[in-house]
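The values are calculated or read from the model by the stated rules, or taken from the named source; none is laboratory data. None of the values given here were measured: they were computed from a predicted structure. FYI the Cβ positions are ideal-geometry reconstructions off the backbone, even for glycines, and counts take in every protein chain you see.
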Amino acid sequence: MIKISLNPRPNCMPKLTLKLFGPPRAEMDGHPLATDRRKALALLAYLAMTRQAHPREKLAVLLWPEHEGGRAFAYLRRTLWEINQMLGDGWVEADRETVALIAAVELDVRAFEQKAAVSGEPCAHLPQLTEAAALYTDHFLAGFNLKDAPEFDEWAYLQAESLRRTLAAVLEALTNCHLKGEAETALPYAHRWLALDSLNEAAHRALILAYARSGQTANAVRQYQECARVLKAELGIEPAAETQALYEDIKRGEAVPLPREKIARATNLPPPATRFIGREKQLTEIAELLSKPDCRLLTLTGPGGVGKTRLALKAAEAQLSRFRAGVFFVPLAPITTPDFIVPAIAETIDFEFFGQGGLSDYQRQLFGYLRDKQILLVLDNFEHLAEAAGLLGELLSAAPDVKVLATSRERLNLQEEWVLTLAGMSVPSEDAAEALESFSSVKLFLQTAQRVNVAFELAEADKPHLIRLCRLLQGLPLGLELAAAWVKSLSLAEIVAEIERGLDILTTPLRNVQERHRSLRAVFEYSWRTLTAPEQAAFSQLAVFHGRFAREAAQTVTGATLAVLTGLVDKSLLYQSDGYYDLHMAVRQFAAEKLEASAQRAALAAHSAYYGRFIEERLPKLRGQGQRQALEQIAEVMDNARPGFRWALEHGTGLDVSRYFHGLFRFYDIRSHFQEGAEVAAHAFTAWQARMGETAADRILYARLMAWQAWFRYRLGRRLVESRAQILQAVNILRGLLPNAEAQKTLADVHLQALLSNAIINREDVDQMVQFNLKHYAAQDDPWGRALLQPYVAYNTGGFEAYRRAALESKQLFRSLGDDDSAIFILNEVGEAVHHNGYFEEARRYYSESAELARGLGNRYGQSLALDYAGWVARQMGDFETARREHEASLALSKEIGDQLGISGSLDNLGRLALEQGDLAEAERLFTEALTLRRASGHEWSIAVSYTHLARLALARGELEASEAALNEAAKLFDDWAEVANRSGDVALRRGQWAAAHGHYQRGLQLANRWNNHWLMMEAVVGLSEALARLGKSAQAVELLTFAIHYRACDVATRQQAQKVLAQVAAALPEAERAAAEALGHARTLASLLKDFAPAERVT
């Protein structure tokens, strides 16, 4: 592909100049280049003017249309050779596909255009405009044509016309500017302007004025008479009132005024009945489009009632100063046939036909009159006359300074047409009650309501109803005005309820409203009657869709062709944006009314089946490559998947239901939509329970839905006891259906939910489920399942180090499979494991990686968990600022998804932070709020956690009885926990019960070891050391404290406490004894410490 060079011409190359005003001429460094090859000159001019590379085929057809391909290409090759012979090498670039001329060619046409392009007041650029006029020595390619290349001649004609119009504008500006000074100097420009078009009355008038102001009254009178003669002979009209008034002034010898900078423009725009609201963006767009020279026809499209006419009138009002001949509004709604379009325009602009000719003659007269008029025509409601839209193309061709702003429910489908599609006015979001009146839909409703009922005021309690109303109507202006008319007799809540029931309320009794705008139903009935039978069938079936839908979905469900869907878009009954279709809410209600009962059931079945297959096809990707894309695709169709699933539950087969729930619930889970997941799962479970049969397939589905319902309750931290019971019930149902293959597969899935939701406490049951699943995954050759459980197996056989290796391998496998969701789970799990083992920095890395993956996937649960864990580690490391930031971010996410346990966990962790920073009142508030949430959940372990935190708080206040009471409550729920033992040791120490404290800390060390929590072990070691010192075993205390201070899992707070106790105890020991004890502490290992003080087996 050859690219045109935009670099300056190298100094070594000569200067090539093309002169295209008049017959084409070429000069090299000022010397004419002679050639008699017209096609070579034509090709050179075309390449220079278009300034781009062109396909050889296009050039061959342009210049040699009468010849077949091979011969035309041969002529083109010869012509290119002739150009190279004439110019020399380096000017034409050509390859097998394209031909181009380099950019370093000087054109008189380009110089003219640059000089003519002035902005602001023309008289400030008088020298520049004078140069432009001088450059225009003749018309473009005047006297040059190619008889055998009509397409080239057509191109040349269009270029000439465009340049002629530019010259006319230049000459008009020069004439008017010179009239302000020495009027005689305006005469040459006025003559030249008029010579361009003898029917240009404005040019006649300028010449008359120039004669009059330079004292040549007789010439001014003769010029007026010539103007009157030409207009009568050619158009059959009299001079305009402005021209006649000028003539009368001259005859009376009165002073002739200068041309006015700004004159009142002719217009018939009706005054607005009400204040115009909103649409600022669209008004700006319309103004920008109408300012473009090539935008001659702009159509505002949209459904009935969207406000096309009001917007067109407001936009036209802003154009009054730009169109010298005026801006006119032509209402076409009353016109029944296209034959009346021309007379309607003529009547609007006050043009009278002459003679008794037919429609074609009238059209010729009107177009002739408009030929030199700079005028804007607003043609309103063109949709029922769309078959005659070609008339507008003819008008624009005949009258180059006319522009048309049309309104229509369907586009006019002309090459010249620019289209701006209107939607509703801006509507507030559901939580925008504080800034309601910044939305134009709200402003319009309130304005109309106060006009209907002057006493109407928007009460605070009504704001949610007004938001709902605006959102229901999607900002449709007519709908808003019709709804507002009811405020005199109904509350906003009642109006909203009526709208949700149907369209009947959206009517008006006003007599001065067009019949087709007196109700939304009438608006849509009008459009319905314009549809073909296939369009009506497709449109009515589209009512089963909710929100946006893809073309494939529309065609599958309705059977519509692309042409039918495009027709509905063109007629503004269907919106298209970003590759999707959508229906306005009111339009959807109307379509539903048109859908017959039998067709409705078939359409709903097809709709449900399509989205069921859509979800099912994406299920594999939800655990593998393309996971994020699959999630986005499912999110896009959720507005349709929800009702599709409901229909399947109520009317479909078990297979129909299964197609949905596997992918749908997995989507809910990954994206942390737990609340909706719980509601949908509960509805699905109840609906299926009511209609299930006794087949194995029905019972498997029943058990699966039961497990999902329990799972989402667990995710939300609600009704956990019931959730555990349901999961176990599902497990038992499925075990009773073995060896059914589908039951086995489903049982493996439910086992995972049971394990991950801590529904199984008994070690034997856990091992049994893990072994069952591993066997199933091996039989299915499923690396995903094996990777999920392998870390558990590795821990049981090889301890922590084996677990860490296996977990990181699983993470890598999940990343390679494309399953970021499972990688997030593993990262949080291995992060917690290394954290408990005291590898704080390593844990932070895993949590950070998990949070980043979760953020990208939209997994807010996984992200909140990682952030909360990371905050805990940051606090233990003394980085309180980071800890607060992480916990607060986690809390916000948990609140978003409704995770009660996540909320309470973050509150507790913020409470721990407040406690360590000495803000006891804030710690109490946070701990109490967390406990309230945890009690509501029924989650015993987390309730016990809250009690231990309250015990810490009470200890900080010196309230030993309160601390002991809180620990007793925790012990009732979870006695087998090091935290309870350690805090009990703290209470005993405060009471001076040294032996009891020693026993509690030794138990705490034993329990922490069993649960492999190394920093809880260090808490126990420090407490144990203090008890030993109090019991007179100071050397042993120094030994243990030295070990704890230097152990990796000793967090900042525990180390500070250890150092404080060590300073006190060591001071009482002789130097040699202290040194010996410290040496023993440095030599100590965790294994030896546990052997001496807490012999016990670890548990998982």
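Results for (1) under 19 Å from residue 614 (Cβ atoms); (2) at pLDDT 90 or above; (3) not assigned by TED's automatic domain parsing to the domain that holds residue 746, shown as yes or no for each residue.
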residue: 655; (1), (2), (3): yes, yes, no
residue: 664; (1), (2), (3): yes, yes, no
residue: 670; (1), (2), (3): yes, yes, no
residue: 705; (1), (2), (3): no, yes, no
residue: 712; (1), (2), (3): no, no, no
residue: 718; (1), (2), (3): no, no, no
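Residues considered: 1008, 1020. Of these, the only one that is of a type in the set (A, V, I, L, M, F, W, C), modelled with pLDDT of 95 or more and crowded, with 24+ Cβ neighbours inside 10 Å is 1020.
Within the stretch 119-165, the set of residues being among the aromatic types (Phe, Trp, Tyr) and not in a loop (DSSP other than H, G, I, E, B) comprises 140, 152, 155, 157. Filtered by the rule that a residue be of a type in the set (Gly, Ala, Ser), at pLDDT below 85 and on the phi > 0 side of the Ramachandran plot, the stretch 1-43 gives a lone residue, 30.
Tell me which residues, restricted to the stretch 853-882, are aliphatic (A, V, I, L, M) and surrounded by fewer than 24 Cβ atoms within 10 Å (Cβ to Cβ). Spell out how you get there, then give the answer.
Residues of the stretch 853-882 that are aliphatic (A, V, I, L, M), as a first pass: 853-854, 857, 865-867, 870, 873-874, 877.
853, 857, 874, 877 - these are the residues of the stretch 853-882 that are aliphatic (A, V, I, L, M) and surrounded by fewer than 24 Cβ atoms within 10 Å (Cβ to Cβ).
In the condition set (1) within 29 Å of residue 583 (Cβ to Cβ); (2) part of a helix (DSSP H, G or I), residue 363 is compliant with all but (1). Within the option set 850, 816, being crowded, with 20+ Cβ neighbours inside 10 Å and assigned to a helix (DSSP H, G or I) holds for one residue only, 850.
Entry remark, the stretch 460-489: residues being without any contact (Cβ under 8 Å) to a residue 12 or more places away in the chain and over 33 Å from the mean Cα position of the chain (by Cα) number 1 in total.
Select, from 1072, 1035, the only residue that is over 26 Å from residue 876 (Cα atoms), more than 60 Å from the chain's Cα centre (by Cα), crowded, with 18+ Cβ neighbours inside 10 Å and not assigned by TED's automatic domain parsing to the domain that holds residue 871. Break it down into steps so the answer makes sense when it comes.
Working: 1072 fails: crowded, with 18+ Cβ neighbours inside 10 Å.
Of 1072, 1035, the one residue that is over 26 Å from residue 876 (Cα atoms), more than 60 Å from the chain's Cα centre (by Cα), crowded, with 18+ Cβ neighbours inside 10 Å and not assigned by TED's automatic domain parsing to the domain that holds residue 871 is 1035.
As a summary of the residue check, residue 100 satisfies the conditions (1) farther than 30 Å from residue 172 by Cα; (2) surrounded by fewer than 17 Cβ atoms within 10 Å (Cβ to Cβ); (3) modelled with pLDDT of 80 or more; (4) not β-branched (Val, Ile, Thr) except for the one numbered (2).
Based on what the data block shows, is residue 464 of a type outside the set (D, E, K, R), in contact with a helix residue (DSSP H, G or I) (Cβ under 9 Å, 6 or more places away or on another chain) and either at pLDDT 85 or above or part of a helix (DSSP H, G or I) (or both)?
Values: of a type outside the set (D, E, K, R): yes; in contact with a helix residue (DSSP H, G or I) (Cβ under 9 Å, 6 or more places away or on another chain): yes; either at pLDDT 85 or above or part of a helix (DSSP H, G or I) (or both): yes.
Taking the combined requirement at face value, the residue satisfies it.
Restricting the first member to the stretch 430-453 and to residues that are in the same structural domain as residue 481 (by TED's automatic domain parsing), and the second to residues that are among the small types (Gly, Ala, Ser) and loosely packed, with under 15 Cβ neighbours inside 10 Å, no beta-carbon pair is closer than 6 Å while six or more apart or on different chains. Against the criterion of being free of Cβ contacts under 8 Å to residues at least 24 places away in the same chain, crowded, with 16+ Cβ neighbours inside 10 Å and part of a helix (DSSP H, G or I), residue 187 does not qualify.
So if I check each of 1087, 1044, which one is within 57 Å of the chain's Cα centre (by Cα) and not basic (Lys, Arg)? Exactly one residue qualifies, and that residue is 1044.
Would you confirm whether or not the stretch 785-802 contains a residue that is under 30 Å from residue 648 (Cα atoms) and out of contact with any strand residue (DSSP E or B) (no Cβ under 7 Å at 6 or more places or on another chain)? Before the answer, list the steps.
To start, the set of residues in the stretch 785-802 that are under 30 Å from residue 648 (Cα atoms) comprises 785.
Going one step further and asking which of them are out of contact with any strand residue (DSSP E or B) (no Cβ under 7 Å at 6 or more places or on another chain), we end up with 785.
For the stretch 785-802, residues under 30 Å from residue 648 (Cα atoms) and out of contact with any strand residue (DSSP E or B) (no Cβ under 7 Å at 6 or more places or on another chain): present.
Looking at residue 625, is it polar (S, T, N, Q), outside any helix (DSSP H, G or I), outside the structural domain of residue 545 (by TED's automatic domain parsing) and surrounded by fewer than 17 Cβ atoms within 10 Å (Cβ to Cβ)? Considered against the rule, which asks whether it is polar (S, T, N, Q), outside any helix (DSSP H, G or I), outside the structural domain of residue 545 (by TED's automatic domain parsing) and surrounded by fewer than 17 Cβ atoms within 10 Å (Cβ to Cβ), residue 625 comes out as yes. The sole residue among 789, 755 that is assigned by TED's automatic domain parsing to the domain that holds residue 659 and within 25 Å of residue 677 (Cβ to Cβ) is 755. Restricting the first member to the stretch 231-247 and to residues that are outside the structural domain of residue 371 (by TED's automatic domain parsing) and farther than 17 Å from residue 197 by Cα, and the second to residues that are among the acidic types (Asp, Glu) and surrounded by fewer than 18 Cβ atoms within 10 Å (Cβ to Cβ), the beta-carbon pairs closer than 9 Å and six or more apart or on different chains are 244/238. Within the stretch 132-158, the set of residues being crowded, with 16+ Cβ neighbours inside 10 Å and modelled with pLDDT of 85 or more comprises 132, 133, 135, 136, 139, 140, 141, 144, 146. When we screen 106, 66 for residues that are charged (D, E, K, R), farther than 23 Å from residue 35 by Cα and outside any helix (DSSP H, G or I), the only hit is 66. Scanning the stretch 672-684 for residues that are in contact with a helix residue (DSSP H, G or I) (Cβ under 8 Å, 6 or more places away or on another chain) and either among the polar types (S, T, N, Q) or surrounded by fewer than 22 Cβ atoms within 10 Å (Cβ to Cβ) (or both) returns 672, 675, 676, 682, 683.
Regarding residue 228, is this residue in a helix (DSSP H, G or I), modelled with pLDDT of 85 or more and under 59 Å from the mean Cα position of the chain (by Cα)? Lay out the reasoning, then the answer.
Numbers: in a helix (DSSP H, G or I): yes; modelled with pLDDT of 85 or more: yes; under 59 Å from the mean Cα position of the chain (by Cα): no.
The answer is no for residue 228.
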